[in-house]
Amino acid sequence: MLSAEEWEIVALSLKVGGAAVLITLPIAFALAWLLARHRFPGRIVVDALVHLPLVLPPVVTGWLLLIAFGPFGPVGRWLESWFGVSLMFRWTGAALAAAIMALPLMVRAMRLSIEGIDRRLEGAARTLGASPWYSFWTISLPLALPGVLAALVLGFARSIGEFGATITFVSNIPGETRTLPLAIYSALQVPGGEAMVTRLALLSVALSLGALILSEWLVRRTHGERARHGD
Amino acid sequence: MANGRAMAIDIDVAKRLGDRTIAAQFTAGPGLTALFGPSGVGKTSILNMVAGLLRPDRGHIRIGAQTLFGDGVDLPPEARRIGYVFQDGRLFPHRRVRANLLYGHGLADPAARWMSLDEAVDFLGIGGLLGRWPHSLSGGEAQRVAIGRALLRGPDCLLLDEPLSSLDAARRGDIMAVIERIRDELKLPILYVSHDRAEVERLATSVVEIGE
């Protein structure tokens, strides 16, 4: 059905998307927890910064990444001199761009599920001898888990669909940074590429739809649980 | 079982919540001490202060020789060895009954435990519920499990916050009998919040009126 080249594109997209959500997961959870549970000065600013990639033109996000992580950028120079690592024109750069674009969606989904935790259950755990940390691992996190998984799926779908920031930051290199949307874009430029465009586009629709249904199911499961519990 | 401790609970606390002040001063001896008064005077807040879930503005809370709050001490809830049965049960919805019962038991210092899972299950008659999820329990069943969970934590005293309020008349009688047995057989000091005079008359060893 798919050619070897197309399989390579799919494999690369899955690799980029997987790496992106794994980078984002702990950061997004920490931010979601901070925003859901804590009132601190500058909270609105943090909230706005988290949401920025959602509203900023992706090309601007890509350009900012280019400035920061490019060979003369502050972060890029530091990575280069300390670790000999460069993200420029590499799949890792594509993963970083995708991670940043997925962050707001993941924070939103996790924040909702954290806000949905009945905090009185944490109080009950404390009276039973649980330290705050133990109560977090045994009560809060398991109760937030469906939301965290939903965020993971949503972030993954968003990551494999990332276009603007990726092409700006790491260009469109076959086998390295040419993920599904970039491959579709490239195929559109080539005469006779319609069949490939159709196949890859259908694949994109299927992946995105599957992810949305899965994450919706996960969220419903949490709410169902709570409704049955009679909250 | 509850090695018949007859320790006094000495409470003198005040807390400003919004535009009202909750204050209470009393000493509770052995048996069941009912905190009695109309709804909304802060009876539950007093239990929360004893449990360490709400911090008093001033005063002290002592059980026997141990200071839980006051004189620069403010023990966190997990260090207080108090069993708390909440009005709404507050069972953990993602854990089966057995795991709910054992949550505090596993965390307690082995020397502090005075009841085993089997003893608690027999005492409360909840043997058939161990594999069930909390959402599948009736109100009376959930309240028994909540009581069991609090007892298995190995507490020095038990806080009961209107444990009968969500139950029908038949179940109330059952749970009242359980509470009487905790008072008489286990000899565990109990602080009991209620606004129902009949309940208090039946259960209380002594009554503390809480009001404006």
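Just how far, in whole angstrom, is the stretch B:1-71 from the stretch A:88-153 if you go by their alpha carbon centroids? About 36 Å separates the Cα centre of the stretch A:88-153 from the one of the stretch B:1-71. Across the stretch A:45-56, computed HN-Hα scalar couplings (Karplus, 6.51 cos²θ - 1.76 cosθ + 1.60, θ = phi - 60°) run 5, 4, 4, 5, 4, 4, 7, 3, x, 6, 10, 5 Hz from first to last residue, x flagging Gly and Pro. On full extension, the segment bounded by A:Arg37 and A:Val190 gains 49.9 nm, given 0.36 nm per residue less the C-alpha separation.
By the helix-only formula, in which each DSSP H run with n ≥ 4 contributes -39500 (n - 2.57) and the sum is divided by residues, the protein assembly as shown has a 222 nm mean residue ellipticity of -18000 deg cm²/dmol. Placing a pseudo-label 7 Å from each Cα along the Cα-to-Cβ vector at B:His60 and B:Ala169 gives an inter-label distance of 4.7 nm. How far, in degrees from 0 to 90, does helix A:58-69 lean away from the longest principal axis of the Cα atoms of chain A, to the nearest 10? The answer is roughly 90 degrees. When chain B is treated as a GNM, springs tying every alpha-carbon pair under 10 Å, which of B:Thr44, B:Thr33, B:Thr21 comes out with the largest mean-square fluctuation? Taking springs between Cα atoms under 10 Å, the residue moving most is B:Thr21. Placing R0 at 56 angstrom, the Cβ-Cβ distance between A:Val85 and A:Arg120 gives a FRET efficiency of 0.75 after rounding to 0.05. The GNM of chain A, with springs linking C-alpha atoms under 10 angstrom apart, assigns the highest mean-square fluctuation among A:Gly62, A:Gly175, A:Gly42 to A:Gly42.
For peptide B:100-111, the mean count of partner chain Cβ atoms within 10 Å of a residue's Cβ comes to 3. Listing B:Asp174, B:Asp88 from fewest to most neighbouring C-beta atoms within 10 Å gives B:Asp174, B:Asp88. Taking amide H atoms as placed 1.01 Å from N in the peptide plane, the amide H of B:Gly59 has no partner under 5 Å among residues 5 or more positions away or on other chains.
The stretch between A:Ser131 and A:Arg77 holds 15.2 nm of extra length on full extension. This uses 0.36 nm per residue minus the Cα-Cα distance. Ranked by how many other Cβ atoms sit within 10 Å of their own Cβ, fewest first, the residues B:Lys15, B:Lys43 fall in the order B:Lys15, B:Lys43.
The modelled label-to-label distance between A:Leu202 and B:Thr27, using points 7 Å beyond Cα along the C-beta direction, is 8.5 nm. Using the Cβ-Cβ distance between B:Ser206 and A:Val45 with R0 set to 60 Å, the FRET efficiency from 1/(1 + (r/R0)^6) comes to roughly 0.60. Take the Kirkwood radius over Cα pairs of the protein assembly as shown, plug it into Stokes-Einstein at 20 °C and 1.002 mPa s, and you get 84 µm²/s for translational diffusion. Our estimate of slack between A:Ala68 and A:Lys15, defined as 0.36 nm per intervening residue step minus the Cα-Cα distance, is 16.7 nm.
Note on A:Leu145 and B:Glu180: their simple-model spin labels are 4.3 nm apart, each label 7 Å out from Cα toward Cβ.
Rounded to the nearest 20 debye, the dipole magnitude of the stretch B:17-84 is 120 debye, with +1 charges on Lys and Arg beta carbons, -1 on Asp and Glu beta carbons, and the Cα centre as origin. Taking θ as phi - 60° and the Karplus parameters 6.51, -1.76 and 1.60, the scalar couplings of the stretch A:117-127 work out to 6, 6, 5, 5, 5, 5, x, 4, 4, 4, 5 Hz in sequence order, x denoting glycine and proline. Comparing Cα centroids, the stretch A:1-75 and the stretch A:175-202 end up 23 angstrom apart. Counting only other chain Cβ atoms within 10 Å of each residue's Cβ, the peptide B:90-98 averages 5.
Among B:Glu162, A:Glu176, what is the fewest-to-most ranking by other Cβ atoms within 10 Å?
A:Glu176, B:Glu162
Looking at the protein assembly as shown alone, DSSP beta bridges between its own residues are antiparallel in about 55 percent of cases.
FYI, it's all coordinate maths here, none of it is from the lab. All of these numbers come straight from a predicted model, not from anything done at the bench. No Cβ is skipped: glycine too gets one built from the backbone with ideal geometry, and neighbour counts run over all protein chains shown.
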